[in-house]
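What follows is one structure encoded as structure tokens, with my remarks underneath.
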Amino acid sequence: MAMGSDMVPVELCKGINGLDKIVLRESGGSSAEVYLYGGQVTSWKNDHGEELLFVSSKAIFKPPKAIRGGIPICFPQFASHGGLESHGFARNRIWSIDSDPPSFPTVSSSKVFIDLILKPTEEDMKIWPHSFEFRLRVALGPGGDLMLTSRIRNTSADGKPFSFTFAYHTYFSVSDISEVRVEGLETLDYLDNLQNKERFTEQGDAITFESEIDKIYVSTPTKIAILDHEKKRTFVLRKDGLPDAVVWNPWDKKAKAMADFGDDEYKHMLCVEAAAVEKPITLKPGEEWRGRLELSAVPSSYCSGQLDPQKVLLSS
Ligand code: TA6
């Protein structure tokens, strides 16, 4: 689907419930949508217009509720790893468009991007008394890859460092969860959220799904592959500055217990989250942390052997 001259690469418009969103369109036909509410990507489509991310049909697009799907940003706390509300507050705040972002250290091939910024309000300072600037760039690559780059700076004037945990809580859309395999996490240690965060070691084969899973894999490789055989599609997740990876599917019981999630929707989603959880990140005043996520969707035909997960994981 080639881009007509009328297709604007970066467009600010109104989304659900009148919330502001930015639509990114890449000349090859892929697209993405980012809500200022939560700085949250809620859509990523390939050049055939197929949606690659899961958003629940029951998602609530109304502050202060977090949007159930897409890529929520967990900051300054992942899940219940601290005294704040689950997953921190960045996903429940209205972000701004950053009109004057500092230059990026590396030259990006992407010409289609938006820069957002989040700073704490006085209310935020009462629950988390630290000054920061959180800059987020959401970009679409020439091939339709989706890139998210977070830059978090400690802007405290009181000389105090602060520590945080973080995740890109990505909801991938899958055909049938029982047909999905995750490659790249074999033999790694993980903290099991279903067993008091006890530490275990994963078995040697690819991860498959037949029940609820909520695991934090620690010190993972920088690349993970999610194979959806039925859709003949592989998601390749590359990450930088994010040592851990969380894998979550609520399965049937938890699905029924979530008001903003359909009872059967667990069959069509999987969260694989690039994260920094096991070792919190500490920043002294003036210091900046960068965490990058790059997602690719590779059309594949497993039976033709085109897709050898090991080749994907070992290739650059
Ligand atoms: O990332 C996995 C997890 O921490 C699970 O424990 C589950 O709670 C999920 O996130 C969703 O959390 P939420 O706060 O969005 O309902």
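Every read-out reported here was derived from the displayed coordinates using simple, explicitly stated rules and does not represent laboratory data. Because the structure is a prediction, the values reported are computed rather than measured. Here the Cβ positions follow ideal geometry from the backbone for every residue, glycine too, while neighbour counts run over all protein chains shown.
Taking R0 as 41 Å, what FRET efficiency do you get between Ser80 and Val8 from their Cβ-Cβ distance, rounded to the nearest 0.05? Calculated value: 0.50. For the chain, the mean residue ellipticity at 222 nm estimated from helices alone is -1500 deg cm²/dmol, where every DSSP H run of n ≥ 4 contributes -39500 (n - 2.57) and the total is divided by all residues, rounded to the nearest 500.
Pull out a ≥ b ≥ c, the square roots of the eigenvalues of the alpha-carbon gyration tensor of the range 1-127, then state rounded if a/c is under 1.5, prolate if not and a/b is larger than b/c, and oblate in the remaining case. Here the range 1-127 falls in the prolate category. Along the range 239-245 the Karplus relation, 6.51 cos²θ - 1.76 cosθ + 1.60 evaluated at θ = phi - 60°, assigns HN-Hα couplings of 9, 9, x, 10, x, 9, 9 Hz to successive residues, with x for each Gly and Pro. Please say if the chain is rounded, prolate or oblate, where rounded means a/c under 1.5 for a ≥ b ≥ c the square roots of the C-alpha gyration tensor eigenvalues, and otherwise the choice is prolate for a/b larger than b/c and oblate otherwise? Cα axes put the chain in the rounded bin. Computed on the chain, with alpha-carbon pairs under 8 angstrom and 6+ residues apart, the relative contact order is 17 percent. Distance between the 7 Å Cα→Cβ label points at Lys279 and Ala206: 3.1 nm. The alpha carbon centroids of the range 229-297 and the range 151-208 are separated by 6 Å. At Lys126 and His268, where each label point lies 7 Å from the Cα along Cα→Cβ, what is the point-to-point distance in nanometres? Between Lys126 and His268, the label points sit 4.1 nm apart.
For Glu210, the shell of other residues with beta-carbons less than 13 Å away shows a net charge of -2, using +1 for Lys and Arg and -1 for Asp and Glu. Mind scanning Lys65/Lys232; Lys197/Lys232; Lys231/Lys267; Lys215/Lys239; Lys45/Lys232 and naming the pairs with a C-alpha gap bigger than 25 Å? From Lys65/Lys232; Lys197/Lys232; Lys231/Lys267; Lys215/Lys239; Lys45/Lys232, over 25 Å: Lys65/Lys232; Lys197/Lys232. Computed over the chain with a Gaussian network model linking Cα atoms closer than 10 Å, the most mobile of Pro120, Pro280, Pro102 is Pro102. Here the Karplus relation 6.51 cos²θ - 1.76 cosθ + 1.60, evaluated at θ = phi - 60°, turns the backbone of the range 92-100 into coupling constants of 10, 10, 8, 8, 10, 7, 8, 7, 9 Hz, with x for every Gly and Pro.
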